[in-house]
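A short worksheet on the structure shown next.
The values are calculated or read from the model by the stated rules, or taken from the named source; none is laboratory data. As the structure is a prediction and not an experimental result, all values here were calculated from the model. So basically every Cβ, Gly included, is an ideal-geometry build from the backbone, and we count neighbours across all protein chains shown. Only protein heavy atoms, including side chains, enter the accessible area calculation; ligands, DNA and RNA are left aside. Shrake-Rupley method; radii C 1.70, N 1.55, O 1.52, S 1.80 Å.
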Amino acid sequence: MIRKINPKKLLGRVERALKDSDIKRIPLSHKMRVTEIVLKICRLKKGFGMFIILGWRKKWWRKYAGVPDETQDIFWRHHLNIYQESIKIQRTVSFDGAILINRKGEIIDSGIMIEGLRPTKTAFKVNPGGKNNDLSKKFGFKRKIHMRHLSAISASYELKNTTIFTISEETGDFHIFEKGRIIFSTVKKEGYEVDATFP
């Protein structure tokens, strides 16, 4: 659970995990800034889920995005940059759906339904071996996950050159995904950053 981890230690671990990222089109500073925003929100509010796509491109809108409720899309008229002081992203934590941030670091939409992904197909592309059909295990999760995480990890594979961030509403676990893989996780021995001392 993210709330139980020292924020400075967590930021250091995230930075180490992302330094070797293959996604070079998004600066490390942007990825770290999104992590800082998520941590800040976690300190202010508990029991919420979040799904952030960093690196969103307009060309994906028709194929992958839908707006189930216009009132949740608070950024489409007034884009904010992640480096602006008055980030209103806290207002979105009670919304369903994804928050979309482009490569420049502009928050362009919120409350967005990401559709057209095929998690089962993606899982077998990312991890073709084995006979296990359980998608949680196939993607490498240690705990059972739900649709937010299946959509997020699949989106990281389908939407090229993106970094995806999630918070689990049920457990408070924090994940970062790239290329259909867990790049960082607060769950012990999950993803690429395996650390036996991780709480």
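What is the set of long-range amide H partners of residue 108 at a cut-off below 5 Å, with H atoms built 1.01 Å from backbone N?
Distant-sequence amide H within range of residue 108: 100, 101, 102.
Output wanted: per-residue J couplings in Hz (rounded whole) for segment 161-167, from phi through Karplus 6.51 cos²θ - 1.76 cosθ + 1.60, θ = phi - 60°, x for Gly and Pro.
So the Karplus estimates, Gly and Pro as x, are 6, 10, 10, 10, 10, 9, 10 Hz.
Given H placed 1.01 Å from N in the peptide plane, which residues other than close sequence neighbours of residue 186 have an amide H under 5 Å from its amide H?
174
How long is the gain from residue 106 to residue 120 if the chain were fully straight, where each residue apart is worth 0.36 nm and the alpha carbon distance is subtracted?
Gain in length upon complete extension: 1.9 nm.
So what is the relative contact order for segment 1-130, in percent, with contacts set as C-alpha pairs under 8 Å and at least six apart?
26
Compute for segment 1-126: radius of gyration divided by Kirkwood radius, i.e. Rg/Rh, restricted to C-alpha atoms, rounded to two decimals.
0.96
Run the helix sum for the chain: -39,500 (n - 2.57) per DSSP H stretch of 4+ residues, divided by residue count, reported at 222 nm to the nearest 500 deg cm²/dmol. Walk me through the numbers before you get to the answer.
Values: 6 runs with 58 residues, N = 199.
My calculation for the chain gives -8500 deg cm²/dmol from helical runs alone.
Give the calculated FRET efficiency between residue 28 and residue 146 to the nearest 0.05, with a Förster radius of 41 Å applied to their Cβ-Cβ distance.
Calculated value: 0.90.
In terms of solvent-accessible area of protein heavy atoms at a 1.4 angstrom probe, what is the ranking of 60, 76, highest value first?
These residues rank, largest area first, as 76, 60.
Hey, which of these cross-link pairs are over 27 Å Cα-Cα: 58/138; 19/45; 8/31; 40/121; 8/125?
58/138; 19/45; 40/121; 8/125
Shape of segment 125-169 from its Cα gyration tensor (a ≥ b ≥ c, root eigenvalues): rounded if a/c is under 1.5, otherwise prolate when a/b > b/c, or oblate?
On the way: a/c = 2.60, a/b = 1.21, b/c = 2.15.
Oblate.
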